[in-house]
Structure formats: structure tokens, C-alpha cells
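To keep things clear, I will list the structure first and then write my remarks on it.
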């Protein structure tokens, strides 16, 4: 028996650092804030998530946090940040990969494991969903999962993202672009 696509919902998967909250940029590379004190939300992030929710999208954070796997950060510190985000923002879920590239897991972006697992759990139609991120890893993960992709910002001093559907300046701009596209089954931007 096949999947009833009419019962599936669209989602917007959102990278955390550099999209929802400001990344800490050192030597042209983005890093996660290491404490609650270092956490600052990007302008309009709260409004963007409300817009997406009102349009019928699930809002799910998909974030790599390799500093935990590398021993530079504690899982408890990351979870404290997530508790604050959950209390302040319209989020359905936060998915985290704590591994480093060397671990070879399926959940670390650019692999689509976090998005696919969330889709299975939440009943998400990936063809009608979006991935919003500020790095090539986010864009590649979204494309591999079958989502449309939105690049936020102008990138960092690392491999450039390619193959995204649109580049915008903020999550708020992304939410407006996404909601202007609708979420009809099979509709691509």
C-alpha cells in the first residue's frame, strides 16, 4: 500500500547557526555560540517562524554540532541553547548531529539523514518542503532529501554553496519567498 500524500505536511528545515541565531565567525568560518550568553537571535527570526507556521509548514531545526563530538563543547550546553530556542520560537522540532565528519554518520549534513528521519516521524512531504541554510552543507542536504533550498547570506571563506533555488539575506526574507511559492504537492519553485 502506498503513502497517502494528502496526509503529509510540508516543512521548512532550518539550519541554526547563521540562520536563526548569529554564528560566531572566526577567520572567515562560522562557529556555534558556546554559551547562552553568546546566543543572539538573528533579526526577524521569530517573525519568520511565525509566518511559516501560519502558512501551514512544520518548522524543524536541523543543525550540525560537531564541537560536542570533538570534545570542545558539552551536549548539555547545546541543549540549554535549544531549550531557550524552543521557549522563544515557533519550532516543532530540533534535530541535532553531534558527530564530526570522521564519524561517517548518516545524520551529519551534507547527508540528508536528519531531514529524512524528521520526515518519517512527522509525516512530512519532502517534495513540498524547503531547507534554509547559510552553508553548502545545508544546501546539499536539502537537495539530497528532495527539498527546495534557500541560501541565507553571502557565504563564508569555505567551499561555496551551489545548486540552491534562491539566495536571500535573512530567514525573514526566506519565509516570505517560501510562502509566496505555496506548498502544493509536487510544485517546485
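List of remarks:
- Exposure proxy ranking for 165, 17, based on other Cβ atoms within 10 angstrom of each Cβ and starting from the fewest, stands as 165, 17.
- Spin-label zone in the stretch 65-101 - amide nitrogen under 11 Å from a point set 7 Å from the Cα of residue 34 along the C-beta vector: 72-74
- Dividing the convex hull volume of the alpha carbon atoms of the stretch 53-95 by its residue count gives 57 Å³ per residue.
- Take every Cα pair under 8 Å whose residues are at least 6 apart in sequence, average their separation, divide by the length of the stretch 32-185, and the relative contact order is 21 percent.
- This structure gives mean projected area of the Cα convex hull in nm², computed directly, and of (i) 12.8; (ii) 11.6; (iii) 10.5 that value is listed as (iii).
- Pairwise FRET efficiency - residue 101 versus residue 50, Cβ, R0 = 22 Å, nearest 0.05: 0.05
- Within a Gaussian network of the chain (alpha carbon springs, distance under 10 Å), most fluctuating of 97, 105, 147: 105
- Cα shape, the stretch 69-116, gyration tensor, a/c 1.5 rule: oblate
- Alpha carbon centroid spacing (whole Å) that separates the stretch 8-30 from the stretch 90-111: 13
The numbers here are math on the coordinates, done by the rules we state, and not lab data. Please read all numbers here as calculations on a predicted model, not as lab measurements. When we count neighbours, we look across all protein chains shown, and the Cβ atoms used for this are built from the backbone with ideal geometry, even at glycine.
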